[in-house]
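Chemist: Let me give you the structure first, and then I'll get to my questions.
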Amino acid sequence: GLVHGSQVGAAEISAPFPQINSSHHCNPQAPKILMNELEREKHTRVAIATQGKAAEMKSVISWLPYHSQHHHFVLLSFDVPIQDPACVSSQSIVTCIFSPNSTWTTGRNELAQSIFDNERKQKSRFKFWYFSDADVLTTAVCRPRSACIASVGLQPHCCHPDETTASCCLKAQLEFLESPPADNLAEVSFILNPRKVLAENEKGKIAHTACNDALSAAFHRLVVPLALPYDTKFDDFSWWASQMIHFVKARACYPDFVVKVGVVERTQNTHANYPKGIPKETEGYMLELAHALNYSTKGSLVTNQGDCAHSKTPDISLAAWTQKTQFRACWATLCPVFRYSHMQGDPQIGTEIE
């Protein structure tokens, strides 16, 4: 059964992809401007966002002394508020959010909104927006623990003797995002999939895939206006649906730029009690979205959660891809959704806005 909210009607659930007023458009030069801004940043900054129980968020707060002050943590609890001095300190690198009864999708979008608000306040961009489910983030184990993973370009780092394995593992992931070995990464996942024995699951290997399980996803700032917000249309029926819809965006807008890095081993693989499965109406909606993005589809668009096919390594950089016709088509269609349905831009640094 449903665990929250009210059920929507059939007419609403089968509505096509929303058409944005033609006057609501985004600056087509924004990707180039964003890239220039990121290159001018003195420090490579990553926003780390997670949602879960307040106790899990308290665990993450205990890691803060071991992490760079240039990064920022956004923590959302859904059971009780997070009670910690770091949540109210003006010098803290953490933002705490209490969102009772939020779904996975609405929680992710609230985290994204907070990251965007932080960028506006600081007038500075994060290179990556990194989202992870709390049960993954707080129990993760990196192999090897030293994070000396030469095959993906990571340099050895020293973890503090008192630092938890999960914090040390996050540090290794952030090192990768700070200095990736290639400039063709739009979306990154570090999760090994224990159900499959494929090339992308080899420890320490980089593999380009058609999509990634959203339980752990780092978005390059260039593709944030395409990837976010997650679509909440089917949340009352399934929390997986927003991921299926996102997979269409990824395959249409930055194909081959989705990457899996075999670093993190999950120690918990159980799902909580929430609406699962793929409503039959979802595929029709996904087809509407694909059509709006000028994406040619072959067969079913529905992909099992986390079960994404291997893809080829792109022969151009992400920056170069943003100048291609397909990316520009996605930008013209999805950037207004990002701008008007979820995050309110600021003309001073809101270069998405024309």
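The values are calculated or read from the model by the stated rules, or taken from the named source; none is laboratory data. Since we're looking at a predicted model, the values are computed, not measured. Virtual Cβ from ideal backbone geometry, glycine too; neighbours counted across all protein chains shown. Areas reflect the complete protein model, heavy atoms only, side chains present, ligands, DNA and RNA absent. Shrake-Rupley method; radii C 1.70, N 1.55, O 1.52, S 1.80 Å.
Chemist: With ALA15, ALA49, ALA54 as the choices, which residue is closer than 21 Å to LEU226 by Cα and modelled with pLDDT of 95 or more?
Modeler: That would be ALA49, the only listed residue that is closer than 21 Å to LEU226 by Cα and modelled with pLDDT of 95 or more.
Chemist: Further, regarding this structure: Are there any pairs with C-beta distances below 7 angstrom linking a residue in the stretch 98-111 that is free of Cβ contacts under 8 Å to residues at least 60 places away in the same chain to a residue that is open to solvent by less than 70 Å² (accessible area, probe 1.4 Å) and assigned to a helix (DSSP H, G or I), with the two at least 6 apart or on different chains, and if so which?
Modeler: Note: pairs meeting the criteria are SER99/GLY107; SER99/GLU110; SER102/GLU110.
Chemist: Is it the case that some residue within the stretch 227-234 is assigned to a helix (DSSP H, G or I) and closer than 21 Å to ALA30 by Cα?
Modeler: Within the stretch 227-234 (the criterion being assigned to a helix (DSSP H, G or I) and closer than 21 Å to ALA30 by Cα), the answer is yes, since at least one residue qualifies.
Chemist: Another question about this same structure. Please give the number of the condition MET343 fails out of (1) crowded, with 21+ Cβ neighbours inside 10 Å; (2) at pLDDT 75 or above.
Modeler: Exception for MET343: condition (2).
Chemist: For the stretch 39-149, please list each of the helices (runs of 4 or more DSSP H) lying entirely inside it that holds at least 2 residues being open to solvent by 60 Å² or more (accessible area, probe 1.4 Å) and at negative phi.
Modeler: 54-61, 104-122
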